């Protein structure tokens, strides 16, 4: 039986079941056991799992001083994202099973355009009302291998911390960036 037939058979089995029943949960658990936890889940499956679990994310906050003003590096989510479409945020990603912070930092090279050479944990904040479910953001100040290789385009760029785009992910505007900013300023003696 190919995957398409397996999916159709599974849907036929669970389609008429009460989602609160033990039998439904058993069938669903048998399906989930077949997923390789070390490979990307894909957006639909990730969102479904995130809705019923608690996730941990790595947020990489990069600051720079330019002309006496402090800027933060942000990227814009695509318009077809299921969560926060078109909104700006610091680059970040959810931990995958078995990953360490360095593993997630290495994956973020694609968002920054260059690798993270060093990162320092500076705090965390819960996000109990995220569109995908609840979780915790680990906030890291990051340094890059090559600042001159940072992605700078219509969806990646620098913004003054006092003038973030109106469409900035609320948890980043209200918690992630301010927590990182407090530590950054304290370290610089400002």
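The values are calculated or read from the model by the stated rules, or taken from the named source; none is laboratory data. Computed from a predicted structure; not experimentally measured. Cβ coordinates were reconstructed from backbone atoms using ideal geometry, including for glycine residues, and neighbour counts include every protein chain displayed.
For this structure, a couple of remarks:
- So residue 151, is it in contact with a strand residue (DSSP E or B) (Cβ under 8 Å, 6 or more places away or on another chain) and either surrounded by fewer than 16 Cβ atoms within 10 Å (Cβ to Cβ) or part of a loop (DSSP other than H, G, I, E, B) (or both): yes
- Being closer than 20 Å to residue 64 by Cβ and assigned to a strand (DSSP E or B) is a property that holds for residue 140.
Yes or no, residue by residue, for (1) outside the structural domain of residue 121 (by TED's automatic domain parsing); (2) over 16 Å from the mean Cα position of the chain (by Cα):
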site: 14; (1), (2): yes, yes
site: 21; (1), (2): yes, yes
site: 36; (1), (2): yes, yes
site: 46; (1), (2): yes, no
site: 90; (1), (2): no, no
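- Selection status of residue 108, at pLDDT 95 or above, within 12 Å of residue 57 (Cβ to Cβ) and under 18 Å from the mean Cα position of the chain (by Cα): yes
- Screening residue 100 on (1) in contact with a strand residue (DSSP E or B) (Cβ under 9 Å, 6 or more places away or on another chain); (2) modelled with pLDDT of 95 or more shows it passes everything except condition (1).
- Answer residue from segment 28-48, given it is out of contact with any helix residue (DSSP H, G or I) (no Cβ under 8 Å at 6 or more places or on another chain) and surrounded by 13 or more Cβ atoms within 10 Å (Cβ to Cβ) and is nearest to residue 17 (Cα to Cα) among those: 48
- Checking each residue in segment 115-148 for being within 21 Å of residue 85 (Cα to Cα), in contact with a strand residue (DSSP E or B) (Cβ under 8 Å, 6 or more places away or on another chain) and without any contact (Cβ under 8 Å) to a residue 40 or more places away in the chain picks out 126, 128.
- Scope segment 166-181; condition part of a loop (DSSP other than H, G, I, E, B) and touching a helix residue (DSSP H, G or I) at 6+ places or on another chain (Cβ under 9 Å); matching residues: 169
- From the options 86, 68, 55, residue that is exposed (fewer than 15 other Cβ atoms within 10 Å of the Cβ) and touching a strand residue (DSSP E or B) at 6+ places or on another chain (Cβ under 8 Å): 86
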